[in-house]
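Structure, as structure tokens:
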Amino acid sequence: MAKKATSKSGGTRSKGAKKAGPKSPARAVARRSGGGAAAQDTMGDAFIKLLQSPLVAELIAVAATAALASLAEQGFSNRGGGGGSTGKRAGRAVKAAGAAAAAAIGRRLGTEIDEIRKAANQSKAGAKA
């Protein structure tokens, strides 16, 4: 006959009682059918190709230019308004540069998408005629 498992904590609980305390979150794991390492190689290659695309390079250049323009607009100098204020001023300048870069990327992506739509509409019109 099998022995009953005993708790090491020494406390007794009834069968229906649950342990109090924080529960560990449930983890959902996506299972992929087949592929394995080959699928990851394909995804990695696709990501590398995306990073090497001319559009991504242009977006990075646009963002960097906008960020530099924003930083230059803030006018960094060594004789800022005191020792304590220069850190806050630099933080604000970096935040403004990030916002300018994000706005520039958004504008550039918008124009790219508009051009793609125009080309698609022209090709549809050509196919109907």
Single residue of region 65-102 satisfying the filter (of a type in the set (Lys, Arg) and either under 24 Å from the mean Cα position of the chain (by Cα) or at pLDDT below 75 (or both)) that is surrounded by the fewest Cβ atoms within 10 Å (Cβ to Cβ) = 79
query = Name the residues in region 53-76 that are within 27 Å of residue 89 (Cα to Cα) and among the polar types (S, T, N, Q), would you?
reply = 65, 70, 74
ask   = Are there any pairs with C-beta distances below 7 angstrom linking a residue in region 28-54 that is modelled with pLDDT of 80 or more to a residue that is surrounded by 10 or more Cβ atoms within 10 Å (Cβ to Cβ), with the two at least 6 apart or on different chains, and if so which?
value = 50/56
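The values are calculated or read from the model by the stated rules, or taken from the named source; none is laboratory data. Just so it is clear, the model here is predicted, and its values are computed rather than measured. FYI the Cβ positions are ideal-geometry reconstructions off the backbone, even for glycines, and counts take in every protein chain you see.
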